[in-house]
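K.L.:
One structure follows; several queries about it will come next.
Every read-out reported here was derived from the displayed coordinates using simple, explicitly stated rules and does not represent laboratory data. All values derive from a computational prediction rather than experimental measurement. Here Cβ is always computed from backbone atoms with ideal geometry, including for glycine, and neighbour counts include all displayed protein chains.
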Amino acid sequence: LADEGDVVAAYYLGMIYHFGLGTAQDQNQAIRWYKTAAAKGLVNAQYNLGILFCPGLFCSQERAAEAAFWLKNAASQGYVEAQYRLGLLCSQGLGVPKDEVEAGTWLTLAANQGHPEAGHVQEALAARLKPEQLREVQERVQRWRPRFGGLDGIAD
């Protein structure tokens, strides 16, 4: 089914290879199948690609840039864990330019959805921001709307 373009089948095949379910783990095959599903807008596949490329805050800039791309697509659709992780990448300048306003925006969005750690990280970040930066974060959060389908940076 995945070979025939079934997005959900491609996602599950990515999971099979990612976690070695019934087969040997194969990161390259996991990436291949996740990308097939992610390119068609499947948010879980986008998030899993972000995690595969950068499972924590200790990965190369190149891998972090790939992770940030996929996490941004998932975050833009409202996926709370992707919003949190993207906020962390933005606050560290890992894979993306360091941007505390962008970080604050994603962390606030995640915190507003009840992410357990995002609120604490966002509060610590907010304590370092200037008043005009805090206003910008608040304005971005108020204007934010989830985007569904397609990919940021790739033509639909």
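K.L.:
If you filter the range 101-130 for GluC sites (Glu not before Pro), then keep DSSP loop positions with at most 16 other Cβ within 10 Å, what is left?
P.N.:
When the GluC sites (Glu not before Pro) of the range 101-130 are filtered for loop state and at most 16 Cβ neighbours within 10 Å, E117 remain.
K.L.:
Let me ask something else. With the crude spin-label approximation of a point 7 Å out along Cα→Cβ, what separation in nm comes out for R32 versus L1?
P.N.:
Computed distance between label sites R32 and L1 equals 2.0 nm.
K.L.:
Are there any GluC sites (Glu not before Pro) in the range 1-96 that are in a DSSP loop and have at most 14 other Cβ atoms within 10 Å? List them by number.
P.N.:
Of the GluC sites (Glu not before Pro), the ones in loops of the range 1-96 whose Cβ has at most 14 other Cβ atoms within 10 Å are E4.
K.L.:
Straight distance only, please: which lysines reach the Cα of K130 with their own Cα at less than 18 Å, same-chain residues fewer than 8 apart left out?
P.N.:
K98
K.L.:
What does the charge count near A110 come to, summing +1 for each Lys or Arg and -1 for each Asp or Glu among other residues with Cβ under 10 Å from its Cβ?
P.N.:
Once all neighbours under 10 Å are counted, the net charge is -1.
K.L.:
What do you get for chymotrypsin sites (Phe, Trp or Tyr not before Pro) in the range 6-109 restricted to DSSP loop and a cutoff of at most 15 other Cβ within 10 Å of the site's Cβ? All intermediate terms of the calculation are to be shown ahead of the outcome.
P.N.:
Numbers: sites: Y11, Y12, Y17, F19, W33, Y34, Y47, F53, F58, F69, W70, Y79, Y84, W106; in loops: F58, Y79.
In loop regions of the range 6-109 (DSSP not H, G, I, E or B), the sparsely surrounded chymotrypsin sites (Phe, Trp or Tyr not before Pro) are F58.
K.L.:
Also, I was wondering about something else. Taking Cβ-Cβ under 4.7 Å as the only way to count a partner, pick out the unpartnered cysteines of the chain.
P.N.:
So, C90.
K.L.:
Moving to a separate point now. Once the Cα atoms of helix 27-38 and of the chain are each reduced to a long axis, what angle between those two axes, in degrees from 0 to 90 to the nearest 10, is obtained?
P.N.:
Roughly 70 degrees, rounded to the nearest 10.
K.L.:
With the crude spin-label approximation of a point 7 Å out along Cα→Cβ, what separation in nm comes out for E139 versus Q113?
P.N.:
About 2.5 nm, to one decimal.
K.L.:
May I ask you to work out the translational diffusion coefficient for the chain at 20 °C, viscosity 1.002 mPa s, via Stokes-Einstein with Rh from the Kirkwood sum over Cα pairs, reported in whole µm²/s?
P.N.:
134 µm²/s
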